[in-house]
Amino acid sequence: MEWLTIGAFAKACRLSPKALRLYDELDLLKPARVDPETGYRYYAGAQLERARLVAWLRRLGMPLARIREVCALPAGPAAREVRAYWARVEAETAVRRDLAAFLVDHLSGESRRDTTTMLELRYAARSDRGRVRPSNQDTAYAGRRLLAVADGCGPAGASASAAAVAALRPLEDAELAAGNVLNLLEDAVRSADEAVRRVARGSTEVGTTLTALLWTGSRLALVHIGDSRAYLLRDGELLRITHDHSVVQSLIDEGRLTPEEAESHPQRMLLAKALPGDSADTPDLKLHEVRAGDRYLVCSDGLTRAVRDERIAELLGRGEPADAVRALTEAADAAGGADNVSAVVADVVTPTGPPVPAS
C-alpha cells in the first residue's frame, strides 16, 4: 500500500497538518500508520473521502462532536443530519439578522419617529374552555401596551399560565424605548419562569407556553416560547411571525417529517420549549416594524389546531378586534372544541386624540 505523508495528505484533503493532528487526538481522523520510531503519521488514500467530508463540515461551522457523529453514519442518515444541522443554523441566523437590522436602525436613527407619526393599538381578547376540556388553562390578556397568551398544562396549568402573564403585566407601566425593550422583555420572562416554577413546585407535568407582543409606541417587541402563535394580517395577507417550539416542528425543520404527517404524529402535542425551562430553553425575542392598518393576532394552539390558516385569515379580517376574536374562538368551538382556545387581536391605528410622544 502506498502511504501519504501528513503533508501530502493535508494538501489533498484541504486540511492543515495542524488540524490533522488535532483530529487524530480527538479520534475523529486517525492516521492509517504511525512510525514507531519517529512518530510520523501516514495516511491511506482511502481516507481522503472521510477527510474531505470533515473539511466540508468544518466549513459549515459544525462542531467537532457533531462531525464525529455524522461521519459514523451511512450516507443517507448522514445527509439527513447535515440537513437538520443547517436548518437550525438558518433559524438562528434569521433571529440574529432581525437583531442586526434593529441595531443598525437604532444606532443610525433611521427608524426614529416623531410625534406626528405616532400610532396606537385598538385591541380585544377572548378565551373559551371549548367543548371537551373540563376547565380553561389558557390565559389571554390585552392592554394598551401588552398583548399576551399563555397555554398551561398539567394539574396546575391554569395557575401556571396566569402566573406567566401576570409576570409581564408590570411592563404596561414601564418606561419603554426601542433600545431597551428587548432587555425588559427578557427580564420579564425570567420573572415569568420563576413564577411558573413556584406554581409547579418541582412537578415536571406543570408548565405553560407564553407568546406576547409589547408596544413601544412605534414598534412591537415579540417574546415567544412554546407553540402558541402570533400572526400579522397586512394588506389581506396572513404572516406567521412565530416559530413553534414543538417536537414535530423540529422534525419538520430537519426534513424528517412533512407538515401533513405532523398533523397526525403521536408526539404532536409535545413541546420542545416551555416555561419553566432549563438554560437551553431561551425564548425568541424580536422587534417588528408596524404600519397603520396592521392587525395582529396572538392565540393558543386550540385555535391553530382546529382552524386552518386560510380560514384564520378570513375570520381575522372581520370587523373590529372584538368581532374577530369572537369569530375565531367560535370557529374553533364549531370545529369540535377539543381544546381551550384563546385569541387576542390588536389593530395598529392612528390616534384619535392629540399625539403623545413615546416613552
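The values are calculated or read from the model by the stated rules, or taken from the named source; none is laboratory data. All values derive from a computational prediction rather than experimental measurement. When we count neighbours, we look across all protein chains shown, and the Cβ atoms used for this are built from the backbone with ideal geometry, even at glycine. Surface accessibility is based on the protein's heavy atoms, side chains included, excluding ligands, DNA and RNA. Shrake-Rupley method; radii C 1.70, N 1.55, O 1.52, S 1.80 Å.
Some values worked out for this structure:
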{"item": "Residue list for the range 195-215, restricted to those being open to solvent by 10 Å² or more (accessible area, probe 1.4 Å) and closer than 18 Å to V348 by Cα", "result": "W215"}
{"item": "Hey, V189 in contact with a Leu (Cβ under 9 Å, 6 or more places away or on another chain) and over 16 Å from A274 (Cβ atoms) or not", "result": "no"}
{"item": "Qualifying residue in the range 64-79 (condition: closer than 18 Å to E2 by Cβ and open to solvent by 60 Å² or more (accessible area, probe 1.4 Å))", "result": "no"}
{"item": "Selected residue [in a strand (DSSP E or B) and either open to solvent by 10 Å² or more (accessible area, probe 1.4 Å) or acidic (D, E) (or both)] from L239, L251, L297", "result": "L239"}
{"item": "Considering residues of the range 334-354 that are open to solvent by 10 Å² or more (accessible area, probe 1.4 Å) and touching a strand residue (DSSP E or B) at 6+ places or on another chain (Cβ under 6 Å) only, the residue modelled with the highest pLDDT", "result": "D347"}
{"item": "Tally, over the range 331-350, of residues that are in contact (Cβ under 8 Å) with a residue 24 or more places away in the chain and in a helix (DSSP H, G or I)", "result": "3"}
{"item": "Sole exception among (1) in a helix (DSSP H, G or I); (2) buried (at least 19 other Cβ atoms within 10 Å of the Cβ); (3) without any contact (Cβ under 8 Å) to a residue 60 or more places away in the chain for N183, by number", "result": "(2)"}
{"item": "Subset of the range 254-293 [part of a loop (DSSP other than H, G, I, E, B), over 22 Å from Y85 (Cα atoms) and among the basic types (K, R)]", "result": "R291"}
{"item": "Identity of the residue in the range 128-180, of a type in the set (S, T, N, Q) and crowded, with 24+ Cβ neighbours inside 10 Å, that ends up nearest to A343 (Cα to Cα)", "result": "T139"}
{"item": "The range 259-282 residues that are farther than 15 Å from V223 by Cβ and open to solvent by less than 90 Å² (accessible area, probe 1.4 Å), paired with ones that are part of a helix (DSSP H, G or I) and of a type in the set (S, T, N, Q) (beta carbon under 8 Å, 6 or more apart)", "result": "A262/Q249; A272/Q249; A272/S250"}
{"item": "Checking Y43 against (1) among the hydroxyl-bearing types (S, T, Y); (2) modelled with pLDDT of 90 or more; (3) part of a loop (DSSP other than H, G, I, E, B), the condition it does not meet", "result": "(3)"}
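Matching residues to (1) closer than 15 Å to G152 by Cα; (2) part of a helix (DSSP H, G or I):
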site: R169; (1), (2): no, yes
site: R190; (1), (2): no, yes
site: R198; (1), (2): yes, yes
site: A212; (1), (2): yes, no
site: Y231; (1), (2): no, no
